[in-house]
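The values are calculated or read from the model by the stated rules, or taken from the named source; none is laboratory data. Just so you know, these numbers come straight off a predicted model, no measurement behind them. All Cβ positions, even for glycine, are placed from backbone atoms using ideal geometry, and neighbour counts span all protein chains on display. The protein model used for the area step is the full one, side chains on, heavy atoms only, and it has no ligands, DNA or RNA in it. Shrake-Rupley method; radii C 1.70, N 1.55, O 1.52, S 1.80 Å.
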Amino acid sequence: MQVTAIMGWGVDNPQPRPGQFDWSTLDRRMRTIQQTKGTPVVTLCCAPDWMKGGQAGRTDWNEIETAVERDHFDDFAELSAAVARRYPQVKHFMVWNEFKGFWNPSANRWDYEGYTDLYNQVYDALKKVNPDIKVGGPYMVMNSNAPGWRQGPPSELSGSWGSMDQRNLDAMKYWAEHKKGADFVVVDGHSQPVQREIRLNDFQALTKFSDVTRWVRALVPDLPVWWAEWYVEPDSSNWTDQQRGAVLTAAMMEFIRGGVAGAFYWNPQTTTATHCPGCL
């Protein structure tokens with residue numbers, strides 16, 4: 001399986017104006033997946049500017065992580081349906097990405113009500129196109145704190161790798177209780193804590209992947225768990241290919257121990273870079 005977003009990360013704005021579509025770069029991405037004999041998966045992120053307070057016909061890439069405004073949830077759901085109609089070969093869709101823009105600063109927590117409302121509208125729109133389409137969310141980034149470090153309320157999930165930010169778990173639980181339906185659950189995250197200055201043992205930190213997966217499986221026991229992105233390498237690590245390969249392999253073993261159904265490896269597409277550490 002190979003994943004592509006509908007906007008960003010190499011894909012242009014698919015709907016610069018209401019009623020005006022530009023599928024050129026997404027078409028090219030789909031051709032690449034087909035030529036490399038991949039099975040396409042689509043991440044329904046991000047949104048055209050006019051759906052998030054910007055100007056129609058203009059794309060400000062500095063606002064790529066801005067959330068869809070509530071008044072345009074239906075427009076984004078229709079865009080999602082248009083993607084599904086144009087690419088009937090796509091059978092799996094992930095809704096949004098890492099709760100981008102869905103933060104409630106006054107409450108110091110995620111706006112999980114807003115995200116779940118958007119998710120439910122997209123879910124309905126996709127199922128109307130084809131009831132066999134598989135839809136997943138909430139694509140929560142599972143940030144964790146270093147051992148002995150706490151941000152926000154006390155966490156119900158911890159291990160030798162540290163403790164999960166409880167606000168992320170609360171968002172997951174709200175979505176699980178209020179979603180209209182789902183065919184799989186999506187999370188992502190880094191094995192190392194958000195306090196990047198604190199470096200855990202590269203292998204010890206990996207048990208986070210199996211611990212988080214077991215927690216998610218207990219929350220929604222009837223659904224497979226996907227890691228849409230996963231990272232193990234600290235910033236400025238200067239790892240050798242041998243060390244990188246060893247840690248990546250150990251991480252995949254943790255996915256197996258936890259019962260992960262799918263894990264996607266974030267990777268740039270490049271034909272010009274002379275050295276691309278960790279690239280496939």
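Once the C-beta distance of Met253 and Asp22 is scaled by a Förster radius of 41 Å, the resulting FRET efficiency is 0.45 to the nearest 0.05. Among beta bridges from DSSP that stay inside the chain, the antiparallel ones total about 25%. In the context of the full set of protein chains, the stretch 140-200 has a per residue accessible area of 40 Å² (1.4 Å probe).
Taking every C-alpha pair closer than 8 Å and separated by at least 6 residues, the mean separation divided by the residue count of the chain gives a relative contact order of 13 percent. Taking every DSSP bridge with both residues inside the stretch 96-236, close to 35 percent are antiparallel. A cut-off under 11 angstrom between Cβ atoms defines the neighbours of Gly278, and their net charge, with Lys, Arg +1 and Asp, Glu -1, is -1. Note on the chain: helix-only mean residue ellipticity at 222 nm, from DSSP H runs of 4+ residues weighted -39500 (n - 2.57) and normalised by residue number, equals -10000 deg cm²/dmol. For the stretch 204-213, 3J(HN,Hα) computed residue by residue from phi via the Karplus equation (6.51, -1.76, 1.60; θ = phi - 60°) reads 4, 5, 6, 5, 4, 4, 6, 5, 5, 4 Hz, glycine and proline entered as x. Structural descriptor for the stretch 1-75: relative contact order 34 percent, calculated from alpha carbon pairs under 8 angstrom and at least 6 residues apart. Counting 0.36 nm for each residue step from Glu63 to Ala261 and taking away their Cα separation leaves a gain of 68.0 nm. The stretch 71-113 and the stretch 147-214 have Cα centres lying 22 Å from one another. Taking every protein chain into account, the accessible area of the stretch 29-94 amounts to 48 square angstrom per residue (probe 1.4 Å). Could you give the angle, 0 to 90 degrees to the nearest 10, between helix 241-258's Cα long axis and the longest principal axis of the Cα atoms of the chain? Tilt of helix 241-258: around 80 degrees.
By how many degrees, 0 to 90 and rounded to 10, does the Cα axis of helix 166-178 deviate from the longest principal axis of the chain? That helix lies at roughly 40 degrees to the long axis. Among the listed pairs Lys91/Lys128; Lys134/Lys180; Lys100/Lys173; Lys100/Lys127, those with a Cα-Cα distance over 21 Å are Lys100/Lys127. Exposure check, 1.4 Å probe, all protein chains in place: Ile256 carries approximately 130 Å² of accessible surface. Label reach from Thr36 (point 7 Å along Cα→C-beta): in the stretch 237-269, amide nitrogens under 20 Å belong to 245, 248-249, 252, 262-269. In this label model, Asn238 and Glu197 are separated by 2.0 nm, measuring between points 7 Å along each Cα→Cβ vector. For the stretch 171-238, with all protein chains present and a 1.4 Å probe, just round the carbon and sulfur fraction of the accessible area to a whole percent. Of all accessible area on the stretch 171-238, carbon and sulfur atoms account for 46 percent.
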